[in-house]
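Values in this text are rule-based calculations from the coordinates and carry no lab data. These numbers come from a predicted model, not from an experiment. All Cβ positions, even for glycine, are placed from backbone atoms using ideal geometry, and neighbour counts span all protein chains on display.
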Amino acid sequence: MVGIVIAYAVTPVPEPNDAALAEASVIYFADGETELDRLSDINRDSVSIDQIPTHVRNAVLAAEDRTFYANEGISVRGLARAVVGLVTGDASQGGGSTITQQYVRNFYLTQERSYVRKAKEILISLKVDGELSKDEILANYLNTIYFGRGASGIQTASQAYFGKDVKDLTVAEGALLAAVVQRPSYLDPGVGIENAAAAKARWDYVMDGMVSEGWLNQADRDAADFPTVVESKQYRGAPGPLGYITDAVKRELTGRVGLTDAQIETGGLRIVTTIQKPQQDAIVAAVEEWLPTGEGTENLQIGAMSIVPGDGAITMMYGGKDFQARQFNNATQATMQAGSTWKPFTLMGALEEGISTKSRYRGNSPMYFKEFESVGNERGRVKNFGGTSYGTIDLRKATQNSVNTAYAALNIEIGPEKTTEMAVKAGVPAEGLEDNYANVLGTATVRVQDMARAFATFAANGERIEPYLVAKITSTQQDSTIDYAAAPKKEQVFDADQVSDLVDALQMVTRDGSGRYAGANLGRPSAGKTGTSESFRSAWFNGFVPQLETAVGMFEDEGGSPVAMTDVPGWEGGITGGTIPVRIWTDYMKVALEGTEVIPFPEPAGTGKSNRPTRTAPPKDTPSEAPTEEPTTETPTEEPTEEPTTEIPAPDPTTTVPTPDPTITEPPTEPTNTPEPPGQTRRPTQPPGKEPKPTATTGGG
């Protein structure tokens with residue numbers, strides 16, 4: 001008791017003006033010195049308590065502390081809840097805070113959840129309540145609390161949300177400002193549909209609370225309409241592509257790091273990201289070089305991301321041309337069908353099942369698979385990109401040329417659930433993925449960040465890592481306890497030897513296959529996979545060297561739905577993964593890797609067993625029965641071409657190589673596209689309310 005009395009006596013009450021001091025937070029590139037953006041412009045204009053209408057004050061009390069004028073600065077019941085929360089680690093118990101405590105915590109202390117901080121908060125709150133009048137405390141609180149939109153204080157908040165002074169606010173408008181105090185960035189109804197719904201629910205709570213406390217009659221409550229806010233003029237981040245990084249940083253700060261809006265906007269934070277400025281400049285230059293311009297190209301979209309394998313640092317993010325014009329991130333929010341970038345998951349599944357990359361499968365086109373009838377394909381037909389047939393080839397060749405029919409047979413052999421399992425283990429979210437036979441052809445809709453993470457797992461020899469954008473955080477404020485450093489979790493999810501065989505096959509893609517533009521121009525060994533969905537609705541190149549993985553995805557957005565990228569100037573035959581995406585990837589990677597060591601990939605371990613039977617050499621005067629590994633027609637590319645006129649050859653009657661599934665036969669009639677199985681779309685390519693239309697795919701190239 002003596003200690004408490006002494007602590008109370010020596011505890012000073014800071015001046016309100018000192019408490020109101022705040023400093024804008026700054027985001028830096030990875031070097032920790034070059035400024036990327038500032039998170040806010042501090043905006044405050046204090047008013048006296050008499051200038052704040054009684055109904056506005058009552059709305060704040062209804063939202064935050066209905067016993068404010070009766071309590072002594074603390075709530076015993078609330079403190080009990082807070083203690084339970086501290087002991088159990090359950091933040092949902094709440095902080096047990098009165099308005100006085102909120103004022104003390106936010107502007108004299110920190111947001112740290114500890115007994116020491118809570119004890120200081122109680123002592124200062126008791127002293128503030130004893131030395132200042134309730135009106136003085138409420139005025140200080142309302143002049144310093146953060147309301148979102150860069151507004152600290154009720155007067156600037158009134159201007160930010162309604163374009164008027166606080167003295168002119170209606171009951172409904174005052175109740176909305178009181179409502180947003182709880183979670184400013186989430187409860188701003190001007191942000192989006194979800195935010196508006198949450199704000200309306202909180203506004204109802206405030207209005208009903210005013211009625212229950214006798215501060216508003218029921219008739220006026222029933223007559224009140226949810227108010228309309230003005231367009232936000234808050235600083236929304238840097239112009240151009242950097243704005244997407246600012247937005248993503250703020251999301252990571254509130255999500256993974258757990259900071260509040262007030263801490264982020266006014267806490268004087270110094271946030272060092274993982275973004276490398278030379279890489280960011282390089283992706284912008286590459287997109288500007290290769291993205292078509294002119295009439296009819298306005299809706300073409302590019303998303304890109306680089307991740308350091310084995311570390312998780314996001315060193316480059318390209319979410320779009322200009323965040324101010326389109327506040328939707330093509331790298332972290334937009335989704336596209338994966339196309340043939342999904343095939344490596346099937347190959348990884350085969351390797352885990354003990355199937356060697358030397359195993360051989362028929363790659364003719366088209367081919368009939370009875371299993372595909374179960375996923376909406378009435379005729380069970382699968383064809384290769386361009387209708388090209390390859391004869392019987394091993395899985396390295398099938399990967400090099402993205403042979404749909406060979407991979408369809410492989411997926412049937414290992415089971416489609418194995419393909420899904422591999423995708424999830426690599427880092428693709430499980431939500432919306434389905435275990436149907438057509439999944440090998442890339443019917444799933446995924447984000448660029450999903451595929452960047454998954455292929456970074458392959459580049460890291462099977463070690464999966466959680467990507468991160470914020471490397472470290474400090475604060476310039478004297479009493480701040482914020483000192484954060486990223487510590488991403490790592491997990492070995494695949495056998496390194498088996499991954500070496502997968503990477504060996506993916507090197508075939510950039511060496512001689514659909515991604516050979518990269519192999520011919522990068523100047524160092526690389527691996528990757530192109531992808532093109534049906535009707536050219538998406539195009540991908542996901543590629544890596546040992547020290548950096550980069551995913552580039554492209555689509556055309558029309559009213560929230562992906563449409564065919566055909567008749568684009570210069571690419572009239574259709575945009576595929578082996579055209580614009582691989583060129584952007586290559587130009588970018590050349591700059592990103594400049595001055596870095598050329599590191600070779602691990603030698604393939606040769607795991608698994610081949611399904612090719614062992615046999616003795618035939619007599620010299622007898623023709624060999626072993627089939628050639630060369631395709632039976634010209635190797636296709638992902639360059640826009642006319643449909644090949646070469647007739648589909650019949651199977652070689654002399655071969656004795658067994659087919660993996662005896663039910664696979666040549667179809668009796670001409671090929672048709674494989675319809676997409678139902679239920680594949682899982683995320684919007686646009687913000688909520690603009691769902692993409694599901695599309696079919698042959699997983700071409």
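For segment 166-227 and segment 314-351, compute the distance between their C-alpha centroids and round to whole Å.
39
Using θ = phi - 60° and the Karplus form 6.51 cos²θ - 1.76 cosθ + 1.60, what ³J(HN,Hα) does each residue of segment 511-518 get, whole Hz, x for Gly and Pro?
7, 9, x, 5, x, 5, 4, 5
Do any GluC sites (Glu not before Pro) in segment 270-349 lie in a DSSP loop with no more than 16 other beta carbon atoms within 10 Å, and if so, which?
Hits after loop and neighbour filter: 295, 298.
Full extension from residue 69 to residue 136: what is 0.36 nm times the residue separation minus their Cα-Cα distance, to one decimal in nm?
On the way: separation 67, 0.36 × 67 = 24.12 nm, distance 1.16 nm.
Taking residue 69 through residue 136 to full extension adds about 23.0 nm, to one decimal.
Short version: ³J(HN,Hα) in whole Hz for each residue of segment 394-405, in order, from phi by Karplus 6.51 cos²θ - 1.76 cosθ + 1.60 (θ = phi - 60°), x for Gly and Pro, what are they?
For segment 394-405, the Karplus curve yields 7, 6, 5, 5, 5, 6, 4, 9, 6, 7, 4, 5 Hz.
Considering amide H positions built from the backbone, and no H for Pro or chain starts, which residues 5 or more places from residue 360, or on another chain, come under 5 Å of its amide H?
611, 612
Identify the trypsin sites (Lys or Arg not before Pro) of segment 133-165 meeting these criteria: DSSP loop state and at most 14 other C-beta atoms within 10 Å of the C-beta.
For trypsin sites (Lys or Arg not before Pro) across segment 133-165 that sit outside H, G, I, E and B with at most 14 neighbouring Cβ atoms in 10 Å, the list reads 164.
So who's got an amide H within less than 5 Å of the one on residue 259, skipping anything under 5 residues away but keeping other chains? H placed 1.01 Å off N, in plane.
254
Sorted by average packing, counted as other Cβ atoms within 10 angstrom per residue and highest first, what order do 570-577, 556-563, 362-369 take?
With the highest mean Cβ count within 10 Å placed first, the list reads 362-369, 570-577, 556-563.
Can you give me the distance in nm between label points at residue 231 and residue 54, each placed 7 Å from the Cα along the Cα-to-Cβ direction?
Calculated label separation equals 3.9 nm.
Are there GluC sites (Glu not before Pro) in segment 373-418 that DSSP puts in a loop and that have at most 15 other Cβ atoms within 10 Å, and which ones?
Taking segment 373-418 and a limit of 15 other Cβ atoms within 10 Å, the loop GluC sites (Glu not before Pro) found are 378.
Check residue 471: other-chain or 5+ apart residues with amide H under 5 Å from its amide H, H built from backbone geometry?
Amide H neighbours of residue 471: 272, 273, 274.
How would 489, 321, 277 line up from fewest to most surrounding beta-carbon atoms within 10 angstrom?
By the 10 Å Cβ count, ascending, the order reads 489, 277, 321.
If neighbour count is taken as other Cβ atoms inside 10 Å, put 246, 357 in order from fewest to most.
246, 357
On a 28 Å Cα-Cα criterion, which of the cross-link pairs 418/472; 134/233; 358/425; 343/472; 321/490 come out too long? It would help to have the intermediate numbers written out before the result.
Values: 418/472 38 Å; 134/233 33 Å; 358/425 24 Å; 343/472 37 Å; 321/490 33 Å.
The pairs that break the limit, which is 28 Å between Cα atoms, are 418/472; 134/233; 343/472; 321/490.
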